[in-house]
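Student: Submitted below is the structure of interest, expressed as structure tokens.
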Amino acid sequence: MSSIKIRTKRKNGKTQIRMLIAHPMEHGRNRDAKTNTLIPAHFIQELTVKLNKNIIITAKTGANISKDPFFAFILKGGNDGDKITISWVDNLGNKDTQAHIIK
Amino acid sequence: MTDNRRAFIKKSVALSAYSIIATSGLLSSSEATAKWLSDTSSTNSLQQTLKRLFKDQEIIASDKIDIQLPKIAVNGAAVPITVTSTLKDVESIAILVEKNPTPLAAKFELSPDLDPFVSTRLKIAESSEVMVIVETSEGFYSAGEKVIVTLGGC
């Protein structure tokens, strides 16, 4: 299952894009409660949102974003059948992509 | 027994060398990414971060940026923030938390297809000012909002 959940909502000619990503977003200063060792930094570094084939958002994110990050954006316009593709890359090189069709 | 131990040491040395190469290769693959990493994972003051991000660009305080942030956040681990702006030609929105060990939270580069609107959730370590810097085609504008955190989220 993908780590990304996407919802879109059309209102007054605009489209709200909301996304929820499952990710620990560790900043590297927390300690493991049992072993008292530092938990290594593990956070999403880059988020890309595409509308059809064009990149509309590139975000550089840091570990100040909450665990399981949530983002929302508002798109001017947006039509039935437009495809939103969201992908992320974290500091360890993991990545994921998910597509969503606006209805 | 000795042979086994030697073989084990050899293997582990080789493995760690490999992983160092792998991670360094990953970092040098993109200079910008490496720079962003150092911005977000080394501890810097707000002033240093601003200097590094925006060089010597002039940042003007503006009342055309609206930050929706709770005045008191019970749980600093997830503080909702919504930034909107009435400025024209917004190119990017950066969010910084002044007193966090690494102030920079995120920088969103938005295409003209999008409204100047960003909503997310932040980790805030202690009561602090949250600063938003909006880049337009004409220059940089900033606004700030204070938040009181009762339980730190770092």
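The values are calculated or read from the model by the stated rules, or taken from the named source; none is laboratory data. Small disclaimer: the values here were computed from a predicted structure and weren't measured. Here the Cβ positions follow ideal geometry from the backbone for every residue, glycine too, while neighbour counts run over all protein chains shown. Surface areas here come from the heavy atoms of the whole protein model, side chains and all, with no ligands, DNA or RNA. Shrake-Rupley method; radii C 1.70, N 1.55, O 1.52, S 1.80 Å.
Student: Using a 1.4 angstrom probe with every protein chain in place, what is the largest-first accessible-area order of A:Lys9, B:Lys107, A:Lys50? Intermediate values should be presented prior to the final figure.
Tutor: Working: A:Lys9 115, B:Lys107 40, A:Lys50 80 Å².
Output order, biggest surface exposure first: A:Lys9, A:Lys50, B:Lys107.
Student: Pick out which of A:Leu20, A:Leu51, A:Leu92 has the largest mean-square fluctuation in a Gaussian network model of chain A, springs linking Cα atoms closer than 10 Å.
Tutor: Highest fluctuation of the listed residues: A:Leu92.
Student: Could I ask something else about it? Starting from the Cα of A:Lys53, draw a straight line to each of the lysines and keep only those under 16 Å, dropping any in the same chain fewer than 8 residues away.
Tutor: Cross-link targets: A:Lys83.
Student: Over the Cα atoms of the stretch B:49-154, how large are the radius of gyration and the largest Cα-Cα distance (Dmax), in Å?
Tutor: Expressed in Å, the Cα Rg and Dmax of the stretch B:49-154 come to 13.4, 39.
Student: Something else now. Just want to confirm a number: the relative contact order over chain A, from Cα pairs under 8 angstrom separated by 6+ residues, in percent. Intermediate values should be presented prior to the final figure.
Tutor: Numbers: 228 pairs, mean separation 31.4, N = 103.
Dividing the mean separation by the residue count of chain A yields 31 percent.
Student: What does the net charge come to around B:Pro112 if you take all other residues with beta carbon closer than 13 Å to its beta carbon, with K and R at +1 and D and E at -1?
Tutor: Working: positive: A:Lys76, B:Lys88; negative: B:Asp89, B:Glu91, B:Glu109, B:Asp113, B:Asp115.
Cβ neighbours under 13 Å give a net charge of -3.
Student: About the Cα centre of the stretch B:102-154, how large is the charge dipole given +1 on each Lys and Arg Cβ and -1 on each Asp and Glu Cβ? Please answer in debye to the nearest 20. Mind showing how you got there, number by number?
Tutor: On the way: 4 positive and 8 negative charges, 67 e Å.
Result for the stretch B:102-154 is approximately 320 debye, rounded to the nearest 20.
Student: At a probe of 1.4 Å, how much accessible area disappears from chains A and B on forming the pair, both sides counted, to the nearest 100 Å²?
Tutor: On the way: alone 6940 and 10200 Å², together 14260 Å².
Using a 1.4 Å probe, the pair buries roughly 2900 Å².
Student: Once the convex hull of the C-alpha atoms of the stretch A:51-103 is built, how many Å³ does it hold per residue, rounded to a whole number?
Tutor: On the way: hull volume 5.5 nm³, N = 53.
About 103 Å³ per residue, rounded to a whole number.
Student: Expressed as cubic angstrom per residue, what is the convex hull volume of the alpha carbon set of chain A? Please report the intermediate quantities before stating the final value.
Tutor: Details: hull volume 10.7 nm³, N = 103.
Roughly 104 Å³ of hull volume per residue.
Student: A further question on this structure: Can you compute the modelled spin-label distance between B:Asn75 and A:Asn52, with each label point 7 Å from Cα toward Cβ, in nm?
Tutor: 4.1 nm
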